[in-house]
Amino acid sequence: EVPAARREDADHAVRAGDVYLEVQRSAAFQEVRGRYLRFVVPATVVFFTWYVAYVVTATTAPGFMARPVAGAVNVGMVAGLGQFLTTFLLTWAYARHARLRRDRAALELRWDTQELTRGIRGGTS
């Protein structure tokens, strides 16, 4: 037989799990998740396409990539630096998007979830 304390812990875990499922099904959570996906999926597709295009071009058209742009700088070097620039710009855009469109709503969800689970624990920390 399971000791009484363990049954209470198991009951608490089931109820806390229900809280998280309820939050996950909420409109607020779905909105935050939707905002995240509407940014991340297109950004990932664009970046991956740009990266594959760079690698394929470097492999299949070495003459084009070796074409001089200015002095010793060629198309391949510019495109390679463009990869770094794109990474930094994408990181900045992601952080800005998160700050402006998701962070506040996600924080409110977090507080709501903590309040609901705190109620299950009987108000103790």
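The values are calculated or read from the model by the stated rules, or taken from the named source; none is laboratory data. Since this is a predicted model, take the numbers as computed values, not measurements. For neighbour counting, all protein chains shown are included, and Cβ atoms are generated from backbone atoms with ideal geometry for every residue, glycine included. All accessible areas refer to the heavy atoms of the entire protein, side chains included, with ligands and DNA or RNA removed. Shrake-Rupley method; radii C 1.70, N 1.55, O 1.52, S 1.80 Å.
Quick notes on this one:
- Kirkwood Rh, angstrom, segment 35-97 [1 / mean 1/r, Cα pairs]: 12.9
- Residue separation of Ala66 and Tyr94 scaled by 0.36 nm, minus their Cα-Cα distance, works out to 6.8 nm of gained length.
- Using a Förster distance of 25 Å, the FRET efficiency for Gln114-Arg38 (Cβ separation, nearest 0.05): 0.40
- Projecting the Cα atoms of Thr113, Met77, Thr91 onto the charge dipole of segment 45-125, computed from C-beta unit charges around the Cα centre, puts Thr113 farthest toward the positive end.
- Note on Phe48 and Val23: the extension gain reaches 5.7 nm, defined as 0.36 nm multiplied by sequence separation minus the Cα-Cα distance.
- Taking only protein heavy atoms and a 1.4 Å probe, the accessible area of segment 26-97 is 75% carbon and sulfur.
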